[in-house]
């Protein structure tokens with residue numbers, strides 16, 4: 001079993017970095033804010049320390065979980081990326097979609113979030129697989 005703790009830390013940080021890009025005005029900020037019925041003021045009024053602190057902690061847990069799944073000595077970047085994609089698409093995005101469907105969320109809402117989930121899991125699979 002190989003767990004690179006630095007790679008896990010980088011994976012957790014990459015969650016925040018990817019999220020900052022994904023949900024930025026460059027990509028999906030406007031449709032995301034509209035689909036969530038939020039305003040700029042609502043977002044600015046949120047407790048940022050709580051949101052980012054808990055977000056980082058949960059990303060750290062996700063990253064360690066992925067590292068344990070990919071801890072086999074034969075894991076490389078290709079298998080890491082494949083496993084990350086399969087976990088993101090096959091588990092995380094599908095359960096997110098089920099929940100969102102029961103919450104009567106739009107397909108735009110679902111696709112924005114599932115795209116982020118799938119890319120994030122694929123990215124951390126790659127990092128963990130490559131950084132042995």
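Every read-out reported here was derived from the displayed coordinates using simple, explicitly stated rules and does not represent laboratory data. On a predicted model such as this, the values are computed, not experimentally measured, just so you know. All Cβ positions, even for glycine, are placed from backbone atoms using ideal geometry, and neighbour counts span all protein chains on display.
Observations, loosely collected:
- Separation in nanometres of the label points that stand 7 Å from Cα toward Cβ, at residue 86 and residue 111: 2.7
- Least to most buried among 34, 105, 50 (fewest other Cβ within 10 Å first): 50, 34, 105
- Segment 9-81: mean projected area of Cα convex hull, nm²: 6.1
- Semi-axis lengths (Å, descending) of the ellipsoid that matches the C-alpha gyration tensor of the chain: 28, 17, 12
- A full extension of the chain between residue 41 and residue 103 corresponds to an added length of 19.9 nm, given 0.36 nm per residue minus the alpha carbon distance.
- Helix-derived mean residue ellipticity, 222 nm - over the chain, DSSP H n ≥ 4, -39500 (n - 2.57), to 500: -23500 deg cm²/dmol
- Contact order normalised by residue count of the chain, Cα under 8 Å, 6+ apart, percent: 40
- Gain on full stretching of the segment that runs from residue 50 to residue 29 - 0.36 nm per residue minus C-alpha separation: 5.5 nm
- Angle between the chain longest axis and helix 5-22 axis [Cα atoms, degrees, rounded to 10]: 30
- Taking the longest Cα principal axis of the chain as reference, the axis of helix 107-130 is set at about 20 degrees.
- For segment 53-100, the square roots of the Cα gyration tensor eigenvalues, ordered a ≥ b ≥ c, give a/c of at least 1.5 with a/b no greater than b/c, which places it in the oblate category.
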